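Participant: My structure is below; once you've seen it, I'll send some questions.
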Amino acid sequence: MSRWTAPLRAVAREWGPLVAAVRAGLAGRGARAFALTLTAVALTAVIQLVQNQPWGFHPVRGLGAVRAGDPLWQALLRTPLSLFVPAPDLPVWGALAQILLVFGIAEVCLGRWRTLAVAYLATLAGTLYARIGVALGPDAFLGLPASDARVVDTGPSAAVVGLAVYVCHQHRAWFTGALVVVAMVVEVLVKDNLAGREHLAAIAAVLVVCGVREWRGRRRPAQDPRAGGSGARSGVPPMRS
């Protein structure tokens with residue numbers, strides 16, 4: 001039994017706070033804690049069904065497909081729905097499973113509106129990066145070929161990746177968060193395409209937000225007069241806002 005002690009302690013350190021937050025959220029709200037997640041899963045499934053119909057492909061593309069070559073105002077209008085438009089040529093079950101797991105955990109731990117805000121930020125970061133990358137051109141650092149201007153963005157995957165990194169940061173699951181980042185880097189190294197780069201852009205945007213929250217969390221105790229002027233700092237930001 002002793003040989004399992006260290007691994008079990010490592011697992012408890014990694015996932016203990018996250019599991020505790022999920023339990024607390026479920027105890028307080030029950031099934032209502034998954035309202036956004038279930039809506040996102042249902043909406044993604046319906047859109048997948050519709051876009052695979054002869055009459056549904058073009059309406060879905062017109063309302064929720066974002067390309068770097070689109071006018072900016074049009075891309076911004078389509079971005080919210082693009083979170084739930086999966087790639088029509090890939091199995092939708094993987095996307096639904098990712099949304100159910102990652103959105104579900106995030107919604108319970110972060111709340112409905114913060115989950116939606118982080119998901120939108122991650123998707124928007126990937127969309128804007130694609131426009132900048134195409135404008136820079138393939139010869140520039142982080143640039144993209146002109147052909148990528150016609151490629152549809154990543155759909156829900158950028159939101160899933162961004163939420164996973166954000167939740168891991170909030171609950172100090174450092175190893176799990178690092179695995180997500182490394183997996184996305186390997187994805188780009190193995191198959192360098194627009195989707196993989198948009199995933200990295202989503203991660204970068206979320207890490208900036210996490211860094212700002214970390215900085216604010218460290219400054220707040222030092223500036224709080226109720227802290228007794230000790231100037232003590234805490235590296236742990238508030239888990240809920």
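The values are calculated or read from the model by the stated rules, or taken from the named source; none is laboratory data. On a predicted model such as this, the values are computed, not experimentally measured, just so you know. Because the Cβ atoms are built from the backbone with ideal geometry, glycine has one as well, and the counts that use them run over all protein chains shown.
Participant: Which of the residues that make up segment 25-47 are of a type outside the set (Ser, Thr, Tyr), surrounded by 14 or more Cβ atoms within 10 Å (Cβ to Cβ) and within 29 Å of residue 179 (Cα to Cα)?
Facilitator: Of the residues in segment 25-47, the ones of a type outside the set (Ser, Thr, Tyr) are 25-36, 38, 40-43, 45-47.
Subsequent filtering for residues that are surrounded by 14 or more Cβ atoms within 10 Å (Cβ to Cβ) retains 25-26, 29, 33-34, 36, 38, 40-41, 43, 45, 47.
Once the filter is applied, which keeps residues that are of a type outside the set (Ser, Thr, Tyr), surrounded by 14 or more Cβ atoms within 10 Å (Cβ to Cβ) and within 29 Å of residue 179 (Cα to Cα), segment 25-47 yields 25, 26, 33, 34, 36, 38, 40, 41, 43, 45.
Participant: Collect the residues in segment 104-161 that are more than 18 Å from residue 35 (Cβ to Cβ), outside any helix (DSSP H, G or I), of a type outside the set (Asp, Glu) and out of contact with any Leu (no Cβ under 6 Å at 6 or more places or on another chain), keeping them in residue-number order.
Facilitator: Those that are more than 18 Å from residue 35 (Cβ to Cβ), outside any helix (DSSP H, G or I), of a type outside the set (Asp, Glu) and out of contact with any Leu (no Cβ under 6 Å at 6 or more places or on another chain): 137, 138, 140, 141, 142, 144, 145, 152, 154, 155.
Participant: List the helices (runs of 4 or more DSSP H) that sit entirely inside segment 1-86 and contain at least 1 residues that are closer than 30 Å to residue 147 by Cβ and either modelled with pLDDT of 90 or more or β-branched (Val, Ile, Thr) (or both). Give the derivation first.
Facilitator: Details: elements: 5-29, 35-51, 57-64, 72-82.
Result: 35-51, 57-64, 72-82.
Participant: Report, by residue number, each residue of segment 201-223 that is closer than 30 Å to residue 145 by Cβ and either touching a Leu at 6+ places or on another chain (Cβ under 9 Å) or in contact (Cβ under 8 Å) with a residue 40 or more places away in the chain (or both). Give the derivation first.
Facilitator: First, pick out the residues of segment 201-223 that are closer than 30 Å to residue 145 by Cβ: 201-209.
Once the filter is applied, which keeps residues that are closer than 30 Å to residue 145 by Cβ and either touching a Leu at 6+ places or on another chain (Cβ under 9 Å) or in contact (Cβ under 8 Å) with a residue 40 or more places away in the chain (or both), segment 201-223 yields 201, 202, 203, 204, 205, 206, 207, 209.
Participant: Looking at (1) surrounded by fewer than 24 Cβ atoms within 10 Å (Cβ to Cβ); (2) aliphatic (A, V, I, L, M); (3) farther than 20 Å from residue 61 by Cα; (4) touching a Gly at 6+ places or on another chain (Cβ under 9 Å), which is the only condition residue 122 fails?
Facilitator: Every condition holds for residue 122 apart from (1).
Participant: Looking only at segment 66-97, which residues are crowded, with 20+ Cβ neighbours inside 10 Å and in contact (Cβ under 8 Å) with a residue 24 or more places away in the chain?
Facilitator: 66, 67, 68, 75, 82, 83, 84, 85, 86, 95
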